[in-house]
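Each remark here refers to the structure printed beneath this line.
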Amino acid sequence: MSDENKKTVEEPDFEKLAKTTAPSKFNKIVTLILVAICVILAAFIIFRMVSTAPDRQLAAPVADNAVATVNVSAEPAYTGTFSKVSRLNGEVRRAGDSIAVYPDAQSGTVTEVLVKRGDRVSVGDTVAYIDPSRPGASYKTSPVIAKVSGIVTDIPVAVGQTVSASQPIINIAGESELVVEASIPEKFLGTVAVGMKAELESVAYPGRIYEGTLTYLAPTVDPTTRSSEIEIRFTGNTDGLKEGMYLRLNLETEHIDNALMVPDSALDTYLGEDIVYTVDGNTARRTPVTVGSSNGLETVITSGLSEGDLVITAGNVMDGTTINVVNQEN
């Protein structure tokens, strides 16, 4: 190659090349760093979303016009005998008052008592002796004679005691039938009447039921206890009962035949008015009603329903709620 041709071939200017290519490499590095930061940031956001809502699931879109359906229980209004019972405590007594036996002598000292409480005596039995002697005079002891037959309920004297002719020596309950005496609160007086039936149970004989009838209702109310005295006479056997026993008394204070009733759980109020929710196809309807007596389990309906109408007894509904009856009792 000639020298002239050699002169035309120039050597590369490396310094110039470095200046022109350096910025391009720097830009690539910066871009890679920014991409890496974005990837890390996106990964962090996704991790936070997953960790804060582990149970969250994607929900299918719900139509704007979708209506929630409420499961309910329902029972029909029914006709039957309504009974309301008041629970009281009563005590077994002998019908009639106890009879007091007095000494025949004017006064004297009790020398002997021949009976004890609970003994049965007959007319003419000697139950005690009285010595009517006075200082300076001696008299024969005088017997105290039972004037009636019955059970000795009380002996209010003791041997050696001085008594007068007006002081009873013993008290005798006549041999009359057993009855139950009890007190009924004033608030129930408007619902009870002579002739109502009662069931009685003694703690001494669990499960044994005695039957009786209300035969007496006092005409007055005790101003202290706000109650009236009642008397129940047994209509069946009284085996095992003794005077003085306490009995649990279930007295039917209200009785209605052919009453339209619903369970108490069906009743509600709306704006101060008694209501029930009835089943109308698959819809709950608010139905105003007039209620009568309740015994804690069922309530008498005097207007607003007919026999067989389905009333909702369980389920949170309003008027117009779409329902599904899952437990219908006939």
Within the range 27-35, identify whether any single residue is under 30 Å from D319 (Cα atoms) and at pLDDT 55 or above, and answer yes or no.
no
Give the residue that is surrounded by the fewest Cβ atoms within 10 Å (Cβ to Cβ), with candidates limited to residues of the range 260-293 that are touching a residue at least 40 places away in the same chain (Cβ under 8 Å) and among the polar types (S, T, N, Q).
N282
Is it true that F234 is within 22 Å of the chain's Cα centre (by Cα), touching a residue at least 24 places away in the same chain (Cβ under 8 Å) and outside the structural domain of V311 (by TED's automatic domain parsing)?
no
Check the range 190-213 and report whether any residue there is surrounded by 14 or more Cβ atoms within 10 Å (Cβ to Cβ), closer than 24 Å to I301 by Cα and of a type outside the set (S, T, Y).
yes
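Taking the condition touching an Asp or Glu at 6+ places or on another chain (Cβ under 7 Å) and in contact (Cβ under 8 Å) with a residue 12 or more places away in the chain, does V194 pass?
no
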Residue pairs qualifying under the 9 Å Cβ cut-off, at least six apart or on distinct chains, with the first in the range 199-210 being farther than 14 Å from E91 by Cα and the second being charged (D, E, K, R) and part of a loop (DSSP other than H, G, I, E, B), are Y205/D239; R208/D239
Just for strands (runs of 3 or more DSSP E) wholly inside the range 131-210: which have at least 3 residues that are outside the structural domain of R117 (by TED's automatic domain parsing) and either among the hydroxyl-bearing types (S, T, Y) or within 29 Å of S294 (Cβ to Cβ) (or both)?
178-185, 197-202
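For every residue, the table says whether it meets (1) more than 21 Å from I172 (Cα to Cα); (2) not acidic (D, E).
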{"site": "K84", "(1), (2)": "yes, yes"}
{"site": "E91", "(1), (2)": "no, no"}
{"site": "Y102", "(1), (2)": "no, yes"}
{"site": "V127", "(1), (2)": "no, yes"}
Subset of the range 92-123 [β-branched (V, I, T) and not in a strand (DSSP E or B)]
V115, V123
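The values are calculated or read from the model by the stated rules, or taken from the named source; none is laboratory data. This one's a predicted model, so the numbers in the text were calculated from it and none came from an experiment. Using ideal geometry, Cβ is built from the backbone for each residue, glycine included, and neighbour counts are taken over all protein chains shown.
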